[in-house]
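Data block below; observations after.
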Amino acid sequence: MELDALDHKIIAALEADARISFAALADLVGLSKTPCWKRVKALEEAGVIRGYRALLDPPRLGFGLEAFVQVSIDVERFDAFETAVRRHPLIWRCHATTGEADYLLHILATDMAALDRLLRQELNRLPGVRHTVTSMSTREIKSDISLAEAMRHAGG
């Protein structure tokens, strides 16, 4: 899907406030309500907009620790590993990577004891895991990126 200037405005507005009404969104981007709604639906159908979520704050929900775990696996087990990762509720994000590790996991834990249990009793027992290296987050510097701003910066 080729995005035009109006699509970019819609994306930026929804990224800033996904709860904005179609009437307010239409006013903001300079369209009437129905054409604005049709553009949003087209962006959804094209997969540009994958969904809408509330942004929750992990520490306020009791998750006092975030860790990043580099995982090396037996290559023939990657399907089973990825399936297990998708099902695990404390693995926030997972990326296949290049370099020394095969995957990078971003995980949440309530405290150090919970993290230790998670690492030893759960993550190290996922299918194919050979080796892990864990780094703790001491503080968050940046967590949100505006993809609309990134597109502008990249010239897209």
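The values are calculated or read from the model by the stated rules, or taken from the named source; none is laboratory data. Owing to the predicted nature of the structure, the values given are computational and were not obtained by experimental measurement. Here Cβ is always computed from backbone atoms with ideal geometry, including for glycine, and neighbour counts include all displayed protein chains. Just the protein is used for accessible areas: all its heavy atoms, side chains included, with ligands, DNA and RNA removed. Shrake-Rupley method; radii C 1.70, N 1.55, O 1.52, S 1.80 Å.
Of everything in the stretch 45-61 that is over 17 Å from the mean Cα position of the chain (by Cα) and of a type in the set (D, E, K, R), the residue that is farthest from residue 107 (Cα to Cα) is 45. For the stretch 55-64, the condition of being modelled with pLDDT of 95 or more, open to solvent by less than 30 Å² (accessible area, probe 1.4 Å) and either touching a Cys at 6+ places or on another chain (Cβ under 8 Å) or farther than 30 Å from residue 7 by Cα (or both) holds for none of the residues. Could you tell me whether any residue of the stretch 106-129 is open to solvent by 70 Å² or more (accessible area, probe 1.4 Å), among the basic types (Lys, Arg) and in a strand (DSSP E or B)? Among the residues of the stretch 106-129, not one is open to solvent by 70 Å² or more (accessible area, probe 1.4 Å), among the basic types (Lys, Arg) and in a strand (DSSP E or B), which makes the answer no. Exactly one residue out of 39, 87 is free of Cβ contacts under 8 Å to residues at least 40 places away in the same chain and outside the structural domain of residue 120 (by the TED database): that is 39.
Cβ separations smaller than 8 Å between residues 6+ apart or across chains give the following pairs from the stretch 1-14 residues that are in the same structural domain as residue 40 (by the TED database) to residues that are acidic (Asp, Glu): 12/149.
The condition of being under 21 Å from the mean Cα position of the chain (by Cα) and open to solvent by 40 Å² or more (accessible area, probe 1.4 Å) holds for only one of 18, 84, 67, that being 18. Assess whether residue 75 counts as being more than 30 Å from residue 140 (Cβ to Cβ) and open to solvent by 70 Å² or more (accessible area, probe 1.4 Å). In short, yes.
In this structure, residue 132 does not qualify as at pLDDT below 95 and more than 29 Å from residue 1 (Cβ to Cβ).
Residue pairs whose Cβ atoms lie under 6 Å apart, sitting 6 or more positions apart in sequence or on different chains, and linking a residue in the stretch 61-80 that is in the same structural domain as residue 105 (by the TED database) and at positive phi to a partner that is among the polar types (S, T, N, Q) and at pLDDT 95 or above, are 62/110.
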